[in-house]
Amino acid sequence: MKTASILGVHFHDVTMEQAIESAMTRLRAREKGYVVTPNPEIVDLCRQNGEYKEIINHAALILPDGIGIIYAARLLGEELRGKVAGIEFAEHLAAAMARERMRLFLLGAKPGVAEQAGKNLCSKYPGLVIAGTHDGYFTDPQQAVDAVNRCGGADAVFVCLGAPKQEKFMADHIDEMHATLLCGLGGSLDIFAGVARRAPDIFIKLGLEWFYRLLKQPSRIGRMMKLPKFLLLVIRERLFGRKGK
Ligand code: UDP
């Protein structure tokens, strides 16, 4: 798979269709791996923490989540066909898994949210098997690993703990978990459960989903202020070379 390097993170240049096909091929072959969906905030974390960058760059699929990544690619002259948002990847993957009656485990969010997300996904995608659920506020990660293994394992696990917790969890525990593909998907369970809503289509089409989230949740301002810094770093890399690596 071709990659595009943005401040040292090697994104896969794939369409949504190719990303799903690649994930399904792995699931069918039972080839273990994890999927990450970095946004500018995660790329910035990678710059500050080499170990975290290694975790991200070792993923089986590294999908560009967010319009900021696409702008960065354009500024750097790197080829990236377009955004592959984590929530959309999750939705398409659940649909594809349902067609093959695969088992999905939902891990993350506040107590009760994963169960509701599971119910909603099952009624939307008949055939999908929810292997089990567990909230994301465990004190010992082993509790979450045991929950997946006790239910007889799963083909895929949606790991929705927020960054960087979810990526570290996946890298640390993939070997001991009875599951093929772990997917780090941030706040997706809140959306599947109906606890949170995605921006209206018009915001998504205009590349302004981040702005909608800010309006809904002004406390995100601290996190969002990382975006201008990210773009400045990208411009610096473009002008003065690969200092972001
Ligand atoms: N979360 C969790 N455990 C934690 C911290 C967060 O399960 O210890 C959940 C949180 O409830 C939310 C998700 O992780 O459902 C993170 O959502 P956020 O909107 O921050 O992620 P994004 O989609 O922006 O990456």
Restricting segment 73-175 to chymotrypsin sites (Phe, Trp or Tyr not before Pro) in coil, as DSSP defines it, with at most 13 other Cβ within 10 Å
Tyr137
Would you work out the charge dipole size for the chain about its Cα centre, treating the Cβ of every Lys and Arg as +1 and the Cβ of every Asp and Glu as -1, and quote it to the nearest 20 debye?
700
Tell me, what does the Kirkwood hydrodynamic radius of segment 34-140 come to in angstroms if you use every pair of distinct C-alpha atoms?
15.7
Given 5 Å bins starting at zero, what is the percent of C-alpha pairs of segment 1-82 in each, up to the one with the largest pair distance?
3, 16, 27, 25, 17, 9, 3, 0
Surpassing 21 Å at the alpha-carbon level, of the pairs Lys53/Lys216; Lys83/Lys226; Lys124/Lys216, are Lys53/Lys216; Lys124/Lys216
Among Glu41, Glu100, which comes first, then next, by fewest other beta-carbon atoms within 10 Å?
Glu100, Glu41
Looking at the chain as a GNM with Cα springs under 10 Å, which of Lys165, Lys226, Lys216 has the largest mean-square fluctuation?
Lys216
From the backbone phi of segment 204-213, what are the Karplus-calculated ³J(HN,Hα) couplings (6.51 cos²θ - 1.76 cosθ + 1.60, θ = phi - 60°) in whole Hz, Gly and Pro given as x?
5, 4, 7, x, 10, 4, 4, 5, 4, 5
Subtracting the Cα-Cα distance from 0.36 nm times the residue separation, let me have the gained length for Gln48 to Leu206 in nm, one decimal.
53.8 nm
If each residue's Cβ is checked for other Cβ atoms within 10 Å, how do His12, His58 rank with the fewest at the top?
His58, His12
Which percent of Cα-Cα pairs in the chain sits in each 5 Å bin, short to long?
1, 6, 14, 19, 20, 17, 12, 7, 3, 1, 0
Cβ density ranking, 10 Å radius, fewest first, applied to Cys183, Cys46 yields Cys46, Cys183
Share of antiparallel DSSP beta bridges in the chain, in percent to the nearest 5?
15
Most fluctuating of Ala199, Ala117, Ala163 in the GNM of the chain (C-alpha, under 10 Å) is Ala199
By how many nm would the segment from Cys151 to Arg197 grow when fully extended, if each residue of separation counts as 0.36 nm and the alpha-carbon distance is taken off?
13.6 nm
Compare Leu185, Leu104, Leu208 in a GNM of the chain, Cα atoms joined below 10 Å, and give the one with the largest fluctuation.
Leu208
Which value in deg cm²/dmol, rounded to the nearest 500, describes the helix-derived mean residue ellipticity at 222 nm for the chain, given -39,500 (n - 2.57) per DSSP H run of n ≥ 4 and division by the residue count?
-14500 deg cm²/dmol
Here the gain from full extension of Asp172 to Gln18, 0.36 nm per residue of separation minus their alpha-carbon distance, amounts to 52.8 nm
Taking alpha-carbon centroids only, segment 41-57 lies from segment 142-208 a number of Å equal to 18
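Bear in mind that the values in this text are calculations on the coordinates, not laboratory data. No experiment lies behind these values; they were computed from the predicted model shown. Cβ: placed from backbone, ideal geometry, glycine included. Neighbour counts: every protein chain shown.
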